[in-house]
Amino acid sequence: MKRFILAITGASGACYAKRLFDVLKDLSELHVVFSERGVELLKLELDLKTSYFSGENVTLYKNSKINTCIASGSFRTDGMIVVPASMGTIGRIASGVSTTMVERAADVILKEKRKLIIVPRESPFSTIHLKNLLALDEAGAHILPASPGFYSGQKTFEDLVDFVVARILDQLDIDQDLMPPYQG
């Protein structure tokens with residue numbers, strides 16, 4: 001069973017985190033951490049509490065508690081996804097600032113050369129945002145903006161969410177049937 005860290009931060013787009021969680025919770029061992037603003041947005045956007053993110057293969061972490069297993073390079077994972085990724089979190093990860101569990105876990109993933117997927121949900125990007133995203137890309141992170149495509153016949157809001165989640169799953173090397181490959 002694959003092992004992933006899922007970090008939910010304070011950018012709009014909690015629907016992406018929820019859908020990704022729903023797909024991964026039975027397929028993998030999940031370690032979930034929320035920023036304080038991420039918790040607020042789950043409530044605001046989806047009327048969800050963090051207790052929704054539970055299950056047999058799920059462990060929840062407090063963002064303020066930095067001395068847990070996911071903060072160690074000896075804790076092997078198949079990757080970490082930050083979705084949605086706030087620009088504040090992105091900036092702190094890009095600069096190596098690790099004052100929270102989300103930031104420390106991402107820092108560890110980068111230093112161990114493991115897969116870090118950052119899903120920014122912001123528009124427009126400022127020059128600072130772009131520089132931080134470039135720094136993360138140069139450090140080995142995968143930048144996957146929450147920008148759904150419209151070429152596959154998406155008809156519902158859920159289809160648009162699935163488009164982005166399918167791209168995340170593809171990056172994690174997980175077979176998915178949410179969105180078929182583009183056929184041209």
Provide, for the chain, the number of lysine pairs with alpha carbons under 18 Å apart, each pair being eight or more places apart or on different chains. 9
For the chain, which longest stretch is free of loop sites, where a loop site is one of the trypsin sites (Lys or Arg not before Pro) that DSSP puts outside H, G, I, E and B and that has at most 13 other Cβ atoms within 10 Å? 1-48
Theoretical gain in end-to-end length, K155 to K111 [0.36 nm per residue, Cα-Cα removed]: 11.8 nm
Residue span S74 to K49: 0.36 nm per residue of separation minus Cα-Cα distance leaves a gain in nm of 6.0 nm
Quote to one decimal, in nm, the extra length available between Q176 and R3 on full extension: 0.36 nm per residue of separation minus the C-alpha distance between them. 60.6 nm
Estimated 222 nm signal from helices in the chain, with DSSP H stretches of n ≥ 4 weighted -39500 (n - 2.57), rounded to 500: -11500 deg cm²/dmol
The chain: relative contact order in percent, alpha carbon pairs under 8 Å with at least 6 residues between: 22 percent
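Readers should treat all values here as calculations from the given coordinates under stated rules, not as data from a laboratory. Small disclaimer: the values here were computed from a predicted structure and weren't measured. Positions of Cβ are backbone-derived with ideal geometry, glycine not excepted, and every protein chain shown enters the neighbour counts.
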